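*Asks:* Supplied in structure tokens, the structure appears directly below.
All of the numbers you see were taken from the coordinates with simple rules; none came from a lab. These numbers come from a predicted model, not from an experiment. Note that each Cβ is placed from the backbone with ideal geometry, even for glycine, and that neighbours are counted across all protein chains shown.
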Amino acid sequence: MNKYIFLLFSISTLSIQAQQAENDSVAEPQERQLEEFHVVHRAPGLIKMRSSIFDTQKLTKQELQKAACCNLSESFETNPSVDVSYSDAATGAKQIKLLGLSGAYVQMLAENVPTLRGIAAPFGLGYTPGPWMESIQVSKGTSSVLNGYEALTGQINVVHLQPNAEEPLGLNVYASDMRRMEANANASVTLNDNLSTILLAHVDNDTREWDRNGDGFLDQPKAKQYNVLNKWDYRNGKFMSYSLLRYLHEDREGGQIREVPDPYKIGIATNRYEFYTRNGIILDSEKERSIGLAISGSYHEQDARYGLKIYDAEQSNLYANLTFATGFNDGNKLSVGASFNRDNINEYSPLHLSQGGVFIENVPGIFAEYSLKLHDKIIVLLGLRDDYSSRYGNFLTPRLHTKFDFSKSFYVRASVGKGYRSPNALAENSYILASNRTLTINDNLKQEEAWNYGVNATAHIPLFDKELTLNGEFYRTDFSNQVVTDLDSDPHKATIANLDGKSYANSIQLEASYELLRGWTLTAAHRITDAKTSIGGKLREKPLTSRYKSLLTTSYRTRLKKWQFDFTTQLNGGGRLPDPDEDNPLWDKEFEAYPILNAQVTKFFRGWSIYLGAENLTNFKQQNPIIAASNPTGTNFDASMVWGPIDGRRIYVGARWNLQKF
Amino acid sequence: MNKLVIICALLLGVTGVVLAQKSSAKSADTVTVFAVETMHGDHCRKRIEGNIAFEKGVKDLKVDLEKQTVTVTYNPRKNSDEKLIAAFEKLGYSAKIVRATAANL
């Protein structure tokens, strides 16, 4: 019963905040004008970009602070569209799902520059600390061709705190009952009228061993991370330049607890170096004519041990994008440009890669996008790319987006587009290394290729002096080529091969949000996912994928914004598990629906705030997440059958402090 | 059992919120509309909210960027228009009284 006291306390004082979306990065000037707010009413922390032709939501800093822990992977706890789950029961890696498909099909961007590609993807969500983020934009469906051909199901763009921020110094500390400690600091300096810079630093330490489910394995790996980022902002008349430098080091250590003799250990050490520079010149502001050049690069190395298995990998990436944009008198706009991407991946895993895995892919490409306004009611965006991959040859990426404004408060978007992705079979499936399945990666894996279709309708209905927002959407992703991981045909094997047959994912989502009383907002959403793939010659439901998700998130902020109460509950529908052994089944065929409840209370003071929160309040845990945990050298050992939470309730406290500019 | 507890908690929550909303702005409170120059958008609004709310006796605060006004409801025994004007000045804004009334008028 005790465990509900906190819950009661949390909800019995429900309240909300009324902050608006902060100005966005200068890179998205078109978005500034989109946000239509009322001054007195509380703007939601999650903002639908009304005028955008893309189905885009913006998670503001206020939204991100609703669930204060800890990094990008946890930023979506209050979001109906994005699901976050563990990839396995041993490494602590988290993955997202969008439109019923793996996060690998979502293009990750940092300030509109592609990032976290290839081998960086499996742990990449943990590399961006929550307090570093100014906002996140989540777009569903294929997005603009300007950023590439990837984004099969959507795009997530992270905007870090800005150098010219209003709060030149900031500190954030966090601690959980599982002894996870985190500290974040940011400092920005305006050097002169043209130049400003910000330094972001993060350290976390999670070094206590916990085995609350008593299976002899750590529920969470011990982890340490050091992370620094430095951003520069230079503006001189019509020239603008933004640059970023970043370094990250992370150590993870999971596996069996110390008390076990000769323990099975998992160790993953990562170093990542990253930079980008984006430069733009406005040639003619009246005609919206500009030219922009973005260059980015990264070097990522990861040394991993899963028991006796080794997986060492390094990847260097170089990317450049030159775009020319011009407007026309009738409001239409044209963007054309060229891009180049180079990935050099070097993998070493003697048990799984027969030959040393060296992959080099160079992709030069050209693109054009035309935006057409018809009678102020219809916007059409036509995009086309032509890219040439040194591994897969030439390919075309057509995309079409339309938006019909039936009125200011009712509009419909429809999109259709193609997307491609180069698979990184071992990196994306490295969670299988936390099992004793025999892994086979077929030769000649093809480039992944899919069509995505989407339609979404939004209505803003005035109701008791406030606005009720209703949104309904349907998306379908249809693969013509996909790299499929078969965990079904044999419970002791995992085979990665090209799709032979059909593969698709349908996603239907309904969402309603409303400000019930001044300061009290409520969002309710329900989504149904139907994802099927041909596995072993049969069209089967995608394993480890929930069939539905319901989410209710509510937030109340008192009149003077001194207190804020947040509560989110989600019900994740059941789904299919990979086929167990017929004669000796070690796990079930299906998993059942399970709830997740999160709550947080924040108290604001002048210039600082403290928060107390809990994740997974009902303490729901997947029973026996690791199959045959007692014998990690035996053939049945498998930590990859994860569908739900492994660690139970987590209670945390933290404080934020900001120096204000006067 | 779980569901019951959650439902009870939600009901309590709703009641709590409704009561909280009704209890503000007593009849003895002063409501003053200040013309504040110059508020440039959201960061100014946040800054005013984040500071004026913590001045003594302040019970409600509404920032209107369009009209460039801030409406402050406060307990006159704990604060005064002059002190609030000084508080605005400390933040770098000049404030003038547009209208001052008691809350019950």
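*Asks:* Work out the length of the dipole vector of chain A about its Cα centre, built from +1 on the beta-carbon of each Lys and Arg and -1 on the beta-carbon of each Asp and Glu, and round it to the nearest 20 debye.
*Replies:* Roughly 1680 debye, rounded to the nearest 20.
*Asks:* Can you tell me the FRET efficiency between A:Asn442 and B:Lys56 if r is taken as the Cβ-Cβ distance and R0 is 56 Å, rounded to the nearest 0.05?
*Replies:* According to the calculation, E is roughly 0.20.
*Asks:* In debye, nearest 20: dipole of region A:152-205 around its Cα centre with unit charges on the Cβ of K, R (+) and D, E (-)?
*Replies:* On the way: 2 positive and 6 negative charges, 38 e Å.
Computed about the Cα centre, the dipole is about 180 debye.
*Asks:* For region A:428-515, what relative contact order do you get, as a whole percent, if you take Cα pairs closer than 8 Å and at least 6 residues apart? Mind dumping the intermediate values first?
*Replies:* Values: 167 pairs, mean separation 29.9, N = 88.
Relative contact order here is 34 percent.
*Asks:* Using the Cα atoms of region A:514-662 to build a convex hull, what is its mean projected area in square nanometres?
*Replies:* Answer in nm², one decimal: 13.5.
*Asks:* Here's another thing I want to ask about it. Provide, in order from the shortest bin, the percent of all Cα-Cα pairs of chain A in each 10 Å bin, continuing until the bin that contains the maximum pair distance.
*Replies:* Each 10 Å bin holds this share of Cα pairs: 3, 15, 27, 29, 19, 6, 1, 0.
*Asks:* Name the residue from A:Leu191, A:Gln95, A:Leu218 whose Cα lies farthest towards the positive end of the charge dipole of the protein assembly as shown, charges +1 on Cβ of Lys and Arg and -1 on Cβ of Asp and Glu.
*Replies:* Value: A:Leu191.
*Asks:* Once the dipole of chain A is set up with Lys and Arg at +1 and Asp and Glu at -1 on Cβ about the Cα centre, which of A:Tyr127, A:Ile432, A:Leu516 lies farthest towards its positive end?
*Replies:* Comparing the listed Cα positions along the dipole, A:Leu516 ranks first.
*Asks:* So, one more: Which of A:Phe605, A:Thr554, A:Asn584 sits farthest toward the positive end of the charge dipole of region A:536-611, with +1 on the Cβ of Lys and Arg and -1 on the Cβ of Asp and Glu?
*Replies:* A:Phe605
*Asks:* Across the residues of B:42-50, average count of Cβ atoms on other protein chains within 10 Å?
*Replies:* 6
*Asks:* In the neighborhood of A:Leu199, defined by Cβ-to-Cβ distances under 12 Å, what is the net charge if each Lys or Arg adds +1 and each Asp or Glu adds -1?
*Replies:* +2
*Asks:* Can I ask one more? How many angstrom lie between the C-alpha centres of region A:476-534 and region A:197-276?
*Replies:* 28 Å
*Asks:* Taking amide hydrogens as modeled 1.01 Å from N in the peptide plane, which residues meet the under 5 Å criterion relative to A:Met178, leaving out close sequence neighbours?
*Replies:* Sorted by chain and number, the residues that satisfy this are A:Ile651.
*Asks:* Now for a separate question. Multiply the residue gap between A:Asn498 and A:Lys408 by 0.36 nm, knock off their C-alpha separation, and tell me the result in nm, one decimal place.
*Replies:* 27.8 nm
*Asks:* When A:Asp193, A:Asp55, A:Asp206, A:Asp284 are ordered from fewest to most other Cβ atoms inside 10 Å of their Cβ, what list results?
*Replies:* A:Asp193, A:Asp284, A:Asp206, A:Asp55
*Asks:* Output wanted: per-residue J couplings in Hz (rounded whole) for region A:585-600, from phi through Karplus 6.51 cos²θ - 1.76 cosθ + 1.60, θ = phi - 60°, x for Gly and Pro.
*Replies:* x, 9, 8, 7, 7, 9, 10, 9, 5, 9, x, 10, 10, 10, 9, 8
*Asks:* So which of A:Lys58/A:Lys562; A:Lys373/B:Lys62; A:Lys140/A:Lys502; A:Lys231/A:Lys373; A:Lys377/A:Lys542 end up more than 28 Å apart by C-alpha?
*Replies:* Those over the limit are A:Lys373/B:Lys62; A:Lys231/A:Lys373; A:Lys377/A:Lys542.
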